[in-house]
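Colleague: Below you will find the structure I want to go over with you.
The values are calculated or read from the model by the stated rules, or taken from the named source; none is laboratory data. What you are looking at is a predicted structure, and each value in this text was computed from that prediction instead of being measured. A quick note on method: Cβ atoms are made from the backbone with ideal geometry, for glycine too, and the neighbour counts reach across all protein chains shown.
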Amino acid sequence: MPLRSKFVLSSLQSTKLTDVEQCRRVIAHVDIDCFFASAEVARDPSLIDRPVIVAGSSSRGVVLSPNYEARRFGVRSAMPVAKARALCPHAIYVVPDHAYYRELSKKFYDILRTLTPLVEMVSVDEAYLDLSGSRWRLGSPLSAASKVREAVFEEMALPVSVGIGTSKTVAKIGSQMAKPKPQRDRVIYGSGIFAVEPGHERAFLFALPVTYLPGVGPKSASRLASVGVTKVSDLFNVPRATLTSIFGRSTESILSYAEGNDPRSVEIDRERKSLGHERTFDRDVTAREDLVVELRDLCEEIAEGLSKMSIGGKTVSVKVKFSDFSVVSVSESYAEMVFSYRDILLRSTELLRKIDLKLPVRLLGVSLSNLRSIDAPKQLYLDRQEKDAEEMVRLQRVISEINQRYGRRSVHRASTRPRP
């Protein structure tokens, strides 16, 4: 089957489209379907119609992205690889290529920006668009959504789902509704577009499971079920005090979203919140010095990412998951900007010393948050000379450029172990 045939635009999953077209505020949520897995299929068309699972090479790792053919067999994201292999032993397993995915994410953003400047990227594979003033250039909201899907597919061979509504909440839920539906015997592909008519938001939301609302996770959903709340409409049949005991200060916002009232606007050039990497080990690690070696690799990956984006951060965090799956995280914020490999390693090593290694370690992670763009090297380190800072910035960028051109870890520090 040709690559395009599964993603042709068909009839929209909504009615009274003129109401949508006449709405003053039109928000679209665009989400790439099974991003990592779809990216691998786009790179290797021989994988079309075959179950593809992007996951770490270790059997102790987790599934990052199964395509819909794999989801037919019950495979889900975050599932242990061993369980995925038991459910779908004939799947094609692909080791993730994050550098490739980052390149595609940037191209995805650039394509959306050619259609409208009002783009807010919320993750590597999803974005909000404000289409309120785009009718003269893109046509109706439905026409604009079709143009988005066609442009991304033409340029990248990636399928996307688009939700349209008067708010971010409704648009995001709409994109979920527009996605393909994996069944045991086949995958059902629809139009890839789902619109909710203005004035019908409340009725649309009230019929949905409460888990569709932002802010309602598995734990709060379980607590809600214990008081008889399973659908969005049920929220208004229990005492407010009961909801406050579950949601706390988020209660009013969640109830507002439940009624279709979401004043949040599309934030242009939204800043990335954090950058980090983590690693699940093939065997549990018990020696602290071995963790420091792994820490060096993680810090080098972060430093390369910061260099590519010309950003630094002021908060460093270290996460450890033990063999019993308990997790301990420590973080600290600093007055000066953290940018270089040397500084990230220094800060994270200090944080790791604060963690009591009571059990063997299954996973180690490092992240940098409170990110800022770097205007000049002299702003990076308040306690160092400007020339020293400039040299470190240049060195990191040279390493990053060489590795990007000739393959990751073509150049690496002697203190870090080369990996295949």
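Colleague: Among the residues of region 245-264, are any touching a strand residue (DSSP E or B) at 6+ places or on another chain (Cβ under 8 Å) and modelled with pLDDT of 90 or more? Walk me through it before giving the result.
Modeller: Narrowing region 245-264 to residues touching a strand residue (DSSP E or B) at 6+ places or on another chain (Cβ under 8 Å): none.
No, that holds for no residue.
Colleague: Do you know which of the residues in region 121-157 that are polar (S, T, N, Q) and buried (at least 16 other Cβ atoms within 10 Å of the Cβ) is farthest from the chain's Cα centre (by Cα)? Let's see the steps before the verdict.
Modeller: Within region 121-157, the first condition is being polar (S, T, N, Q), and the residues that meet it are 123, 132, 134, 140, 143, 146.
Adding the requirement that they be buried (at least 16 other Cβ atoms within 10 Å of the Cβ) leaves 132, 134, 140, 146.
Working: 132: 25, 134: 27, 140: 29, 146: 23 Å.
Filtering first and then ranking leaves 140.
One line per residue, one yes/no per condition, for (1) touching a helix residue (DSSP H, G or I) at 6+ places or on another chain (Cβ under 7 Å); (2) more than 16 Å from residue 39 (Cα to Cα):
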residue	(1), (2)
65	yes, no
85	no, yes
97	no, no
105	no, no
108	yes, no
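Colleague: Quick one: residue 346 ticks every box in (1) in contact (Cβ under 8 Å) with a residue 12 or more places away in the chain; (2) over 14 Å from residue 276 (Cβ atoms); (3) out of contact with any Asp or Glu (no Cβ under 9 Å at 6 or more places or on another chain) bar one, so which box is it?
Modeller: (1)
Colleague: Which one of 91, 78 is at positive phi, in contact (Cβ under 8 Å) with a residue 12 or more places away in the chain and not assigned by TED's automatic domain parsing to the domain that holds residue 284?
Modeller: On the way: 91 fails: at positive phi.
The match here is 78.
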